[in-house]
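A quick write-up on the structure given underneath.
The values are calculated or read from the model by the stated rules, or taken from the named source; none is laboratory data. Bear in mind that the values here come from a model prediction, so they are computed numbers and not experimental data. Cβ: placed from backbone, ideal geometry, glycine included. Neighbour counts: every protein chain shown. The accessibility values were calculated without ligands, DNA or RNA, using every heavy atom of the protein model including side chains. Shrake-Rupley method; radii C 1.70, N 1.55, O 1.52, S 1.80 Å.
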Amino acid sequence: MALYFKNRQIVVPGDLLAEGAYKPGDGTFREGNRIYSSVVGLAELKGKIVQVVAFEGAYTPKAGDVVIGKVVDVKMTSWRIDIKSPYQAIMHPVNVFERRLDPLRDDLRRYFDVGDTLVAKIMSFDRTRAPLLTTKERGLGKLQGGYLVEMLPTKIPRLIGRRGSMINMIKKETGCQIIIGQNGIVWVSGKSFEDEERVIKAIRQIEREAHTSGLTDRVRDLIHK
């Protein structure tokens, strides 16, 4: 067994990352007993899994992810939701309400209409069908007010930080409510525009400098300016 990279080292497609009993993760591929990078990004070792966190790339839905999206169409029995992915999501009333709705009597637009912003969880996705969403869990549903900020989905883990360290610091220093979608959409709501603007500037700095060390301190300094 051998590793050919340092943790969070920048790699490019075709770089040899490891050989032996390691397992290929996201952003990698295996040839024989060797693992190579398939994208430009930061190489990491998680246990025995070698992965590369890509610098660019569209969001690929995964079951269990919390996402933020906009309703783009309302049918008799479902909502269609844009989650900034190649795959448009679908949500059925059974995954929103405890009671069963009658499609002939209940107009779904009364609950969520075109243009509404939702935070939801992906129930299932297998690339052969549209991602299915639910808002039944606590903290999910329609978002009111606030600002939506888009960032690269691959930079979301850096915004969260280890054990939530980065995002908790930003919330504490600004007093803002922040909801993070794994699809790269972030909802920000504060008591003043100035507080919200500080969060947005912090997000932009994290997106630019995600691969660097000492970022938490620099973001804190930016917030205090």
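Remarks
- Qualifying residues in the range 14-34 (those that are of a type outside the set (S, T, N, Q) and within 21 Å of residue 60 (Cα to Cα)) - the one most open to solvent (accessible area, probe 1.4 Å): 23
- Strands (runs of 3 or more DSSP E) wholly inside the range 15-122 containing at least 2 residues that are in contact with a strand residue (DSSP E or B) (Cβ under 9 Å, 6 or more places away or on another chain), among the β-branched types (Val, Ile, Thr) and in contact (Cβ under 8 Å) with a residue 40 or more places away in the chain: 49-54, 66-74
- Between 96, 72, the distinction of being open to solvent by 30 Å² or more (accessible area, probe 1.4 Å), out of contact with any Gly (no Cβ under 6 Å at 6 or more places or on another chain) and on the phi < 0 side of the Ramachandran plot belongs to 72 only.
- Conditions (1) in contact (Cβ under 8 Å) with a residue 12 or more places away in the chain; (2) part of a helix (DSSP H, G or I); (3) open to solvent by 30 Å² or more (accessible area, probe 1.4 Å); number of the one not met by residue 148: (2)
- Members of the range 151-183 that are open to solvent by less than 60 Å² (accessible area, probe 1.4 Å) and under 30 Å from residue 93 (Cβ atoms): 153, 156, 178, 179, 180, 181, 183
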